[in-house]
Amino acid sequence: MDSHPQILFVASEMYPFSKTGGLADVMGALPLALSRLGVSVGVITPFYGRLASSEFPLRLIYEDCPVGYPWPDTTADIFLADYHGLPVYFISRGEYFDRRFLYCTHKGDYFDNCERFIFFCRATMEWARRLSSPPEIIHAHDWHAALVPAYLHFLRKVDTFWKKTKSVVTIHNLAFQGRFAYRLFLESGLPSAAWNSSGAEFFGDFNLLKSGISYADLVTTVSPTYAREILTPEFGCGLEGILNHRAADLRGILNGADYAVWDPRQDRYLPSTYSPETPRGKLRCKESLFHELCLDPELLSRPLLGFVGRLREQKGIDMLLDILPELMRKDVSVVVLGEGNLQFEAQVQDMMETYPGRLVARIGYTEDLAHRIQAGVDLFLMPSRYEPCGLTQMYSLRYGSLPVASALGGLLDTITGYPDPESTGFIFTPPDARTFLQSIELALEVWERPAEWKAMRTRAMCKDYSWSSAAQQYIQAYTDIGADLSPA
């Protein structure tokens, strides 16, 4: 492992150690893709109370690393894991990270989330300062890490160690910004010069993501379409002003899919593997899923529809619940996997009682069941109201489970909608229940034409959204802002 990485990623979660969503999948794959291209990479992430680290043992390498202002006596312990040859550093402080969940419970966000991630970002900078040489790039992801580019901006003025280091902040979901009271800015350690409408201030509040957008040398987001969308009031979430100000430094780089994990040819979670050349295994996966979830076997010859995602309005779960009675009249079955809004959780569970054997919901998230759903369903539902990139539709394409998705964000960048001759799925606009149902009805019509369906499924499975293309684009972006990524 390299103790002086050229690129230092900073993120609040990383698969396989911690995960609530797509950010973790990105962090588990993009650093490896860059490493394969010859770039030296490291990652910094929190040491949560529940880390999946058995495959990559952790060891304590530094005790009592100071974090400085505003807690001169508060320190962090640093653990290290060897992740396929990459160093992953874990910032440990039990009072902040030893909790059952990463960010929130069903009752809401943790009350001290701002302090937790101020601590994480400050500890990140202090630990990075102790590496043998400064990184060329510090790449922060989402609001939890977005103070790092702000700290770097001001540290470069007073500490020559950071003179050549550049920063990148990536927006995975602009709706989550880390917005807190002004008094917490006073505890952040940022100078008073950062408190203005071009910096950390946002309508009188302290906005962590805006801080990163304001001070990073480059701002990226996770698909080209989303990069254009967030410049508009409809998708800008109040930050379209600062984003337009930084438009020359904004890039949309499409995320990739980690086919080492998500590929039906070699998926360890599946009862039968399959490929475009040997598709029969997909039917066996469907049969197995029917048995596992106690679905009505008489519906096995009809389409099975799947939804895997957070049960929130962003993901359109309410649209699915609205049209479920109509879907049930079409002799299809539906499986839902996810957690989120308690009202939606209760509603989908109630509807299971109305449609036994035809609707199955599993509240929560398990990685193995997510894989088996991707393999077992015929149609994969993504009625999102916004989708910065989306990874699950990339997985569904590879698994031959044709997506029915809203025509926006990364969904538009990855799905070719029917009836295009090269179609790989079904897209609809605007994102509402009526157009969603119409798109599903169209998909069911195509499903009734086996030759057309098979050709479409084969095209979908042959699409390649691997990380190598994105990694090359990131290398170009790093180079464009002055990073020297030549071998040491």
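Read-outs throughout are calculated quantities, based only on the coordinates presented, and are distinct from any laboratory measurement. Values in this document were obtained by computation on a predicted structure and should not be read as measured data. No Cβ is skipped: glycine too gets one built from the backbone with ideal geometry, and neighbour counts run over all protein chains shown.
In debye, nearest 20, what is the charge dipole magnitude of region 280-464 about its Cα centre with +1 on Lys and Arg Cβ and -1 on Asp and Glu Cβ, if you could check?
Rounded to the nearest 20 debye, it is 520 debye.
Just want the ordering: Cys389, Cys65, Cys462, from fewest to most Cβ atoms lying within 10 Å of their own Cβ.
Working: Cys389 27, Cys65 18, Cys462 13.
Ranked by crowding around the Cβ, least crowded first: Cys462, Cys65, Cys389.
Please work out which option in (i) 22.9, 71; (ii) 22.5, 63; (iii) 27.9, 109 gives Rg and Dmax of the Cα atoms in Å calculated from these coordinates, and answer with its label.
Correct label, based on the coordinates given: (i).
By DSSP, what percent of the beta bridges with both residues in the chain are antiparallel, rounded to the nearest 5? Let's see the in-between values first.
Details: 19 of 65 bridges.
So the antiparallel bridges in the chain amount to around 30 percent.
Tally Lys/Arg at +1 and Asp/Glu at -1 over every other residue whose Cβ is under 11 Å from the Cβ of Pro388; what's the total? Please list the in-between numbers first.
Values: positive: none; negative: Asp142, Glu229, Glu387, Asp413.
With Lys, Arg at +1 and Asp, Glu at -1, the neighbours total -4.
As a test of the definition: which semi-axes, in Å, follow for region 280-464 when you take the square root of five times each eigenvalue of its alpha carbon gyration tensor? Largest first, please.
22, 19, 15
Can you tell which of Pro264, Met125, Ser486 lies farthest toward the positive end of the dipole of the chain, using +1 and -1 charges on the Cβ of basic and acidic side chains (Lys, Arg; Asp, Glu)?
Value: Ser486.
How would you rank Glu115, Glu353, going from fewest to most other Cβ atoms within 10 Å of each one's own Cβ?
Fewest-to-most ranking of Glu115, Glu353: Glu353, Glu115.
Shape verdict for region 1-132, please, from the Cα gyration tensor: rounded (a/c under 1.5), prolate (a/b greater than b/c) or oblate.
Oblate shape, in that a/c is at least 1.5 and b/c is the bigger or equal ratio.
Work out which helices of the chain, taken as complete DSSP H runs, extend at least 15 Å along their axis over the Cα atoms and score a mean Kyte-Doolittle of 1.0 or more, then list them.
Result, helices passing both filters: 22-36, 317-328.
Classify region 152-207 from the C-alpha gyration tensor, please: rounded if a/c falls under 1.5, else prolate or oblate depending on whether a/b exceeds b/c.
In terms of gyration-tensor shape, oblate.
For Ile475, Ile171, what ranking results if the residue with the fewest other Cβ atoms within 10 Å of its Cβ goes first? Numbers along the way, then the final one.
Values: Ile475 18, Ile171 28.
By the 10 Å Cβ count, ascending, the order reads Ile475, Ile171.
Quick one: which of Lys330/Lys463; Lys19/Lys454; Lys19/Lys166; Lys19/Lys157; Lys210/Lys463; Lys166/Lys210 span more than 24 angstrom between C-alpha atoms?
Lys330/Lys463; Lys19/Lys454; Lys19/Lys166; Lys19/Lys157; Lys210/Lys463
Looking at region 5-94, which trypsin sites (Lys or Arg not before Pro) are in a loop (DSSP not H, G, I, E or B) and have at most 14 other Cβ atoms within 10 Å? Present the calculation step by step, with values, prior to reporting the outcome.
On the way: sites: Lys19, Arg36, Arg50, Arg59, Arg93; in loops: Lys19, Arg50, Arg93.
Those satisfying the criteria are Arg50.
Can you list the GluC sites (Glu not before Pro) in region 38-101 that are in a DSSP coil and have 14 or fewer other beta carbons within 10 angstrom? Intermediate values should be presented prior to the final figure.
Values: sites: Glu55, Glu63, Glu95; in loops: Glu55.
Within region 38-101, the qualifying GluC sites (Glu not before Pro) (loop, at most 14 other Cβ atoms within 10 Å) are Glu55.
Sequence gap at least 6, Cα distance under 8 Å: using those rules, report the relative contact order of the chain to the nearest whole percent.
Once normalised by length, the contact order is 13 percent.
Packing-wise, with mean Cβ within 10 Å as the measure, how do 300-308, 26-34 rank, highest first? Walk me through the intermediate numbers first.
Details: 300-308: 19.9, 26-34: 24.2.
In decreasing order of mean packing, 300-308, 26-34 become 26-34, 300-308.
Of Leu321, Gly42, Val26, which is farthest on the positive side of the dipole of the chain, counting Cα position, with +1 on Lys and Arg Cβ, -1 on Asp and Glu Cβ, and the Cα centre as origin?
The listed residue farthest towards the positive side: Gly42.
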